[in-house]
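**Student:** Got a structure here, written out as structure tokens. Questions coming.
The values are calculated or read from the model by the stated rules, or taken from the named source; none is laboratory data. All values derive from a computational prediction rather than experimental measurement. Backbone-built Cβ (ideal geometry, glycine too); neighbour counts: all protein chains shown.
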Amino acid sequence: MLAGINKEIKGLRCAVSGSGKITMHVLEKLIAYGQSQYQGYLVDEDGFDYMKISFLRGIRAQQRSLRDYSKTYARSKYYDEAKPWSERG
């Protein structure tokens, strides 16, 4: 789809909704292609990598808040009770 408009996924900002298995796989695929939940959304200005995805999986498995991610990664922010669709890159 992006190739049709002469764009690559690398360097684009992507919004991914959810926190389940599909979301985690989508994030992993975005990372593999060069990219960097609950009732809100998470933004990491440094992007996501495999270590951060693993950390997110741990948070989810322990049923902790995504705020815990923001406490660990200073350039991230969790927006509670909000939707990511208005986020600008």
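**Student:** Hey, can you tell me all the residues within segment 1-45 that are loosely packed, with under 11 Cβ neighbours inside 10 Å, at pLDDT below 75 and not in a loop (DSSP other than H, G, I, E, B)?
**Tutor:** Result: Ala3, Ala32.
**Student:** I need the full set of residues from segment 46-69 which are under 19 Å from Arg13 (Cα atoms), part of a loop (DSSP other than H, G, I, E, B) and at pLDDT below 90, in order please.
**Tutor:** Gly47, Phe48, Asp49
**Student:** Output the residue which, of all residues in segment 70-89 that are at pLDDT below 85 and part of a loop (DSSP other than H, G, I, E, B), is nearest to Glu8 (Cα to Cα). Talk me through it step by step, then tell me what you get.
**Tutor:** Of the residues in segment 70-89, the ones at pLDDT below 85 are 80-89.
This time we only want the ones that are part of a loop (DSSP other than H, G, I, E, B), so: 80-83, 87-89.
Working: Asp80: 31, Glu81: 31, Ala82: 28, Lys83: 25, Glu87: 20, Arg88: 18, Gly89: 15 Å.
Per the criteria, the residue is Gly89.
**Student:** Does any residue in segment 52-64 that is surrounded by 11 or more Cβ atoms within 10 Å (Cβ to Cβ) come within less than 6 Å, Cβ to Cβ, of a residue that is at pLDDT below 85 and of a type in the set (Ser, Thr, Tyr) six or more places away or on a different chain, and which pairs are these?
**Tutor:** From residues that are surrounded by 11 or more Cβ atoms within 10 Å (Cβ to Cβ), the pairs are Arg60/Ser19.
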